[in-house]
Every structure is written in structure tokens, then in C-alpha cells.
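Structure first, then comments.
The values are calculated or read from the model by the stated rules, or taken from the named source; none is laboratory data. Model, not experiment: these values are computed from the prediction. Ideal geometry is used to build each Cβ from the backbone, glycine not excepted, and the neighbour counts take in all protein chains shown.
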Amino acid sequence: MQRLLGNCGVKNAFPFFGIPSRPQLGPFEQQVLEALWSRGTATVRELLDDQKITQAYTTVMTTLDRLYKKRLLDRVAEGRAFRYSPRQTQEELRRVAMVEGIRQLLGSGDASSLPLSYLVEALGTHDAQLLDELQILVEHKRRELKKAEQE
């Protein structure tokens, strides 16, 4: 499964496939979020001190506030500033984006087999071994569902 989803970097997972229920992220928001993932937590000053982000203090502060309002960050008061931390790991956010994108594709109104055929075609074109991995995942999920029905 990691191979199926792991090749899609977080930047490819944004902007959440255009789903209005999920926040869209601009390039600078992504950069700030990635900086927080690498640090764990940070204040505006700490992010600027790392020198990976070169925008003005107020720009970084506004961007962190936007990410907080989009429910992607938590924050706690620390003196006159806030300390921000991501609510989800990079992998968790990537998974949510992927699952929602696939759900949107399946709910697109087409016959459900048509989007699935697109997925199979894309996997086969990208890497034929992925088709084998997809088959293993499907069989594993079928066993899980059958086991849940029996309980």
C-alpha cells in the first residue's frame, strides 16, 4: 500500500483535488506547513530563525493564522506569540487527500466501473507491478469485510 500511495508527494496531494469541504493550500502555505512538520512546533520567530522561510514576520504570522483557521494547525499562547503545531502528520494529510479524491472520482456520476477502469489504466501505465499490489490490497480488504460480516 505504501508503494501505491507513497509515490504521491504531499505537494501532489494538494489542493485536495478541488474538494470544497477541504481547505486548499497555496505554495507558501505548503512551505510553512512543511517547515512545521520538520520542526514539530514553532513560533513565527523560530520559523524565521531557521532561515528556510524568508518572508516578512507579518506574512508568516498571517499564513500560520490562516492554516490554524483551516484547522490544519493547533496553537497555544506563549507570551505575546503563539506556538503552532500541525494537527496531522504529513502522511495522515496525504492519506485524507487521496481518499477524498478517490471518493470524489467514484461519486462523479459515471458508472462506478468507469473510474475504476481509469485507475487500473493509470496504474498499469505507470508501473505494471502496481496492478499486482492493487490486487493484493483488494483481496486483503475482501477478507476484512467478510470477517466483519461474520462477527
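Tabulated data for the structure shown
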quantity	calculated
Among (1) of a type in the set (Val, Ile, Thr); (2) assigned to a helix (DSSP H, G or I); (3) surrounded by 15 or more Cβ atoms within 10 Å (Cβ to Cβ), the one test that Val138 misses	(3)
Leu47 at pLDDT below 90, among the aliphatic types (A, V, I, L, M), outside the structural domain of Met98 (by TED's automatic domain parsing) and out of contact with any Ser or Thr (no Cβ under 9 Å at 6 or more places or on another chain)	no
Scope the range 75-99; condition over 20 Å from Leu48 (Cβ atoms) and over 10 Å from the mean Cα position of the chain (by Cα); matching residues	Arg87
Among (1) farther than 21 Å from Glu91 by Cα; (2) touching a residue at least 40 places away in the same chain (Cβ under 8 Å) - the single one Glu46 does not satisfy	(2)
Number of positions in the range 59-83 that are exposed (fewer than 11 other Cβ atoms within 10 Å of the Cβ) and either more than 20 Å from Phe28 (Cβ to Cβ) or in contact with a helix residue (DSSP H, G or I) (Cβ under 8 Å, 6 or more places away or on another chain) (or both)	4
Criterion: touching a residue at least 40 places away in the same chain (Cβ under 8 Å) and exposed (fewer than 13 other Cβ atoms within 10 Å of the Cβ) - qualifying residue of Thr89, Thr125	Thr89
Qualifying residue in the range 135-142 (condition: within 30 Å of Ala35 (Cβ to Cβ) and among the basic types (Lys, Arg))	no
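Here's the yes/no breakdown for (1) in contact with a Gly (Cβ under 9 Å, 6 or more places away or on another chain); (2) assigned to a helix (DSSP H, G or I); (3) of a type in the set (A, V, I, L, M); (4) more than 21 Å from Ala35 (Cβ to Cβ):
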| position | (1), (2), (3), (4) |
| --- | --- |
| Tyr68 | no, yes, no, no |
| Glu92 | no, yes, no, no |
| Val96 | no, yes, yes, no |
| Ile102 | no, yes, yes, yes |
| Leu105 | no, yes, yes, yes |
| Ser117 | no, yes, no, yes |
